[in-house]
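Notes follow the structure.
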Amino acid sequence: MGETPKSRGFKSKRGQQNDENRVPPGQHVTADFPILSAGPTPQIKVADWKLALQLGGRLLGTWSWDEFEALPQTTVKVDIHCVTTWSKLDTKWQGVTFDDLLKAIGLSEPPEPYVMAHCDGGYTTNVPVADLLGGKGMIATRFDGLPIASAHGGPARLLVPHLYFWKSGKWVRRIRFMPQDERGFWESRGYHNYGDPWKEQRYDGD
């Protein structure tokens, strides 16, 4: 499920920052990519994968794997930060930005201010739409130029790198727009509802 999880979005300032300034308080840099999940790892074939955007009981758009691969693809280099205190710098991802998903269904702006990401295994996580727009969020399908491994959320995961990494839900299948915020899996179990690494918003009350 989502990792019990910096960049501030995809627009980094690598030339203006050293590594120390890129690591939020309480974090340490790792060269590894730790695997942390709340349940067993699903093995999903791309032939069986679909992504849906939903508003209420209505589907706004659905894509098979091949249809999703035909959408505009974006490659980014970002730092990621897990709530369990590790940070991994300069990670490379490819996928479809949330902005391009909206364009693909003919929307110039989101229909509601919040989304819930629904993932295989029953995992959910809530994110304000503002934290996905402007190139800040994507559905990623490749890591370091290769298909994302199942253990890291493949074949597709949400990527919201400026928030703690549990917000980047693994094995994403459906994005549901919501008029009001709702708490997802970890958020309803005592984790912070927003999860800003630079404010150390790990748990309720932080």
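The values are calculated or read from the model by the stated rules, or taken from the named source; none is laboratory data. No experiment lies behind these values; they were computed from the predicted model shown. Cβ: placed from backbone, ideal geometry, glycine included. Neighbour counts: every protein chain shown.
Set side by side, the residues Leu159, Leu146 differ, and just one is surrounded by 22 or more Cβ atoms within 10 Å (Cβ to Cβ), over 21 Å from Gly56 (Cα atoms), modelled with pLDDT of 95 or more and of a type in the set (A, V, I, L, M, F, W, C), which is Leu159.
Evaluated against (1) within 19 Å of Ala151 (Cβ to Cβ); (2) under 12 Å from the mean Cα position of the chain (by Cα), Asp120 falls short on exactly one condition, (2).
For every residue, the table says whether it meets (1) of a type in the set (Val, Ile, Thr); (2) under 28 Å from Pro25 (Cβ atoms); (3) touching a strand residue (DSSP E or B) at 6+ places or on another chain (Cβ under 6 Å).
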| residue | (1), (2), (3) |
| --- | --- |
| Leu71 | no, no, yes |
| His81 | no, yes, yes |
| Thr91 | yes, yes, yes |
| Thr141 | yes, no, yes |
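Please work out which residue is nearest to the chain's Cα centre (by Cα), limiting yourself to the range 31-65 and to residues that are hydroxyl-bearing (Ser, Thr, Tyr) and at pLDDT below 95. Residue satisfying both the conditions and the ranking: Ser37. Checking each residue in the range 79-106 for being in a loop (DSSP other than H, G, I, E, B), under 23 Å from Phe185 (Cα atoms) and among the hydrophobic types (A, V, I, L, M, F, W, C) picks out Cys82, Val83.
Restricting attention to the range 79-115, the residues that are aliphatic (A, V, I, L, M), surrounded by fewer than 21 Cβ atoms within 10 Å (Cβ to Cβ) and either over 19 Å from Arg142 (Cα atoms) or touching a Phe, Trp or Tyr at 6+ places or on another chain (Cβ under 6 Å) (or both) total 4. Taking the conditions exactly as written (part of a loop (DSSP other than H, G, I, E, B) and touching a Cys at 6+ places or on another chain (Cβ under 8 Å)), does Pro34 satisfy them or not? The answer is yes for Pro34. Within the range 56-70, being crowded, with 16+ Cβ neighbours inside 10 Å and assigned to a strand (DSSP E or B) holds for Leu60, Gly61, Trp63.
Taking the listed residues Leu51, Leu36, the one that is over 22 Å from Thr91 (Cα atoms) and either surrounded by 12 or more Cβ atoms within 10 Å (Cβ to Cβ) or in contact with a Gly (Cβ under 8 Å, 6 or more places away or on another chain) (or both) is Leu51, with no other qualifying.
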